[in-house]
Amino acid sequence: MDKFVINGGNKLYGEVSISGAKNAAVAIIPAVVLADEPCVIENLPKIKDVAVILAILKHMGAKVTKIDGDDSRVEIDPRGITSYKVTCEKLVGDMRASYYLLGALLGKFGKALVPFSGGCSFCERPIDLHLKAFETLGAECNILPTQIELTSDKLEGKPIYFDVVSVGATMNAMLAAVKTPGRTVIDRAAKEPHIVDLANFLNSMGANIKGAGTDVIKIRGVEYLHSCTYSIIPDQIEAGTYMAAVAAAGGNVLIKDVIPEHLVSITTKLRDTGTVVEEYDEAIRVIRENDLKSCNVKTMPHPGFPTDMQPQFVALLSTANGRSRVMECVWESRFSYLPQLRKMGADIIDNGNTAYIYGKQYLNGAKVRALDLRAGAAMVIAGLAAKGITEISDIKYIERGYEKIIDKLTAIGADIRRVTYLESLDDEI
Ligand code: EPZ
């Protein structure tokens, strides 16, 4: 029941370091199930989703050891996982990415029994494409009342075509195919940086995956995956969120430990708002001194503008001069947080998958809710830029994906605190 309390208006100055990518980590950890030897994973973000997926693997029989007591470096020995059944329903239901256990267990045992996954539910999140990919490889999929069951007599590499570009289905198809005999070709694959990271991790264990990062991924099944040490890429969306925060609040911040090439779509749109973005080898400097200009944004699969940055940009554009248009083209609906921004005075009209934002000179602090991870990040950004106090409840969503967000923002000059329920004035949100 804790909340974030932000006293808005401070400009942001200094340096912030970006953690490992959440959406890579939550796929790479289940991928270790496929390994035949222990693996060391480095640069893990210290966030709730990573803790949960590690706890699930432990429950399944893996040995998970922190290296030098550091949560961001763990050795995972999967050799104790001897069953295709996952029984820790509560943990699996705590996060979306637990569905990667389906592909990993199918690839390892030829069958899987996994409870339904949970996580951020800003709209319906189907998994029909994941199941279609498993079926193409020879599995039978049964939706039971609380679990998904996959069975197979024999799996065989095959061509898989996705009619919708899906990150999760591409990753799950890769996991299922990596040890499946024969050649699997995934056509219309997703191209996000975390897809490439998963392929690089699997290849560093001896997998044979080519083409990750393009529309076509070719996988030749291998029998054995050996140990490796692998460092996860920086989080594109965490970096983008800090970039948007600096642009919204104003100031000059060096954002370190990033891959600037992964941020091009975000950098381009920020420049459209008049924000200065300087790119270095592994860092980005964001400077915002003048008024923000409006701009139009359309979310698309990578290399387009990421849907996971859409709410943060709507918050940012709420104080830009003029009218901005933001179109959500990845998810059927991802604007349910708009009423929260309107409580802060934002002038936004939404119609289907499009939001029209009429920029105000400033937003006012208010009591708002974090409805999901990225909507919560948008509330933080709005609160940093607003006049007065913003109280954000349901911060569990924010903390599942942003490592030490309070410490990182405080270090660059934000006035943000985490308070317990009793300290906040009331709960009438
Ligand atoms: C991943 O979700 C991310 N989650 C999401 O980030 C992100 O928004 C999304 O990719 C798009 O980039 C993780 O990586 C854990 P999709 P995923 O399958 O894989 C449709 C965050 O905030 N679709 O690429 O579940 C679907 O409805 C989270 O970090 C089907 O129709 O997304 C959507 O319109 C939120 N059938 C589109 O594809 C399917 O079987 C893209 O979804 C699967 C998806």
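The values are calculated or read from the model by the stated rules, or taken from the named source; none is laboratory data. Quantities reported herein were computed from a predicted structural model and do not represent experimental measurements. Methodologically, a virtual Cβ is constructed for each residue, glycine included, from the backbone with ideal geometry; neighbour enumeration extends over all protein chains shown. Heads up: the accessible areas ignore ligands, DNA and RNA and are worked out on the full protein's heavy atoms, side chains in. Shrake-Rupley method; radii C 1.70, N 1.55, O 1.52, S 1.80 Å.
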Got a number for residues in the range 337-353 being within 16 Å of the ligand (Cβ to nearest atom) and surrounded by fewer than 15 Cβ atoms within 10 Å (Cβ to Cβ)? 1
Checking the structure you have, find out if any residue of the range 58-70 is open to solvent by 40 Å² or more (accessible area, probe 1.4 Å), in a helix (DSSP H, G or I) and touching a residue at least 24 places away in the same chain (Cβ under 8 Å). yes
Checked the range 119-146 for anything closer than 21 Å to Ser333 by Cα and crowded, with 17+ Cβ neighbours inside 10 Å; matches are Gly119, Cys120, Phe122, Ile127, Leu129, His130
Any idea which residue in the range 76-131 is modelled with the lowest pLDDT, counting only those that are of a type in the set (A, V, I, L, M) and in contact with a Pro (Cβ under 6 Å, 6 or more places away or on another chain)? Val92
Those helices (runs of 4 or more DSSP H) lying entirely in the range 349-429 with at least 1 residues of a type in the set (Gly, Ala, Ser): 373-385, 405-411
Which condition breaks for Leu373 when tested against (1) of a type outside the set (D, E, K, R); (2) farther than 21 Å from Tyr242 by Cβ; (3) in contact with a Gly (Cβ under 7 Å, 6 or more places away or on another chain); (4) within 12 Å of the ligand (Cβ to nearest atom)? (2)
Only one residue in Ile127, Ile56, Ile47 is closer than 28 Å to Tyr161 by Cβ, within 15 Å of the ligand (Cβ to nearest atom) and among the β-branched types (Val, Ile, Thr). Which one? Ile127
Write out, first by first residue and then by second, each pair whose Cβ atoms fall under 9 Å of each other, whose residues are 6+ apart or on separate chains, and whose first residue, in the range 333-352, is assigned by TED's automatic domain parsing to the domain that holds Asp308 and of a type in the set (Lys, Arg) while the second is in a loop (DSSP other than H, G, I, E, B) and open to solvent by 60 Å² or more (accessible area, probe 1.4 Å). Lys343/Ile429
Of the conditions (1) near the ligand (Cβ under 10 Å from one of its atoms); (2) open to solvent by 10 Å² or more (accessible area, probe 1.4 Å); (3) β-branched (Val, Ile, Thr); (4) touching a strand residue (DSSP E or B) at 6+ places or on another chain (Cβ under 9 Å), Ile195 clears all except one; give me its number. (2)
Can you find a residue that is within 16 Å of the ligand (Cβ to nearest atom) and open to solvent by 30 Å² or more (accessible area, probe 1.4 Å) anywhere in the range 237-251? no
Closer than 11 Å to Val5 by Cα, free of Cβ contacts under 8 Å to residues at least 40 places away in the same chain and open to solvent by less than 30 Å² (accessible area, probe 1.4 Å) - does that describe any residue in the range 370-381? no
Hits in the range 154-192 - residues which are open to solvent by less than 10 Å² (accessible area, probe 1.4 Å) and farther than 16 Å from Gly103 by Cβ: none
Would you check if there is a residue in the range 241-262 being in contact with an Asp or Glu (Cβ under 8 Å, 6 or more places away or on another chain) and in a helix (DSSP H, G or I)? yes
How many residues are outside any strand (DSSP E or B) and crowded, with 24+ Cβ neighbours inside 10 Å if we restrict to the range 1-18? 1
Subset of the range 269-324 (residues that are assigned to a loop (DSSP other than H, G, I, E, B) and crowded, with 17+ Cβ neighbours inside 10 Å): Thr273, Gly274, Thr275, Leu292, Ser294, Cys295, Pro301, His302, Pro306, Ser318, Thr319, Ala320
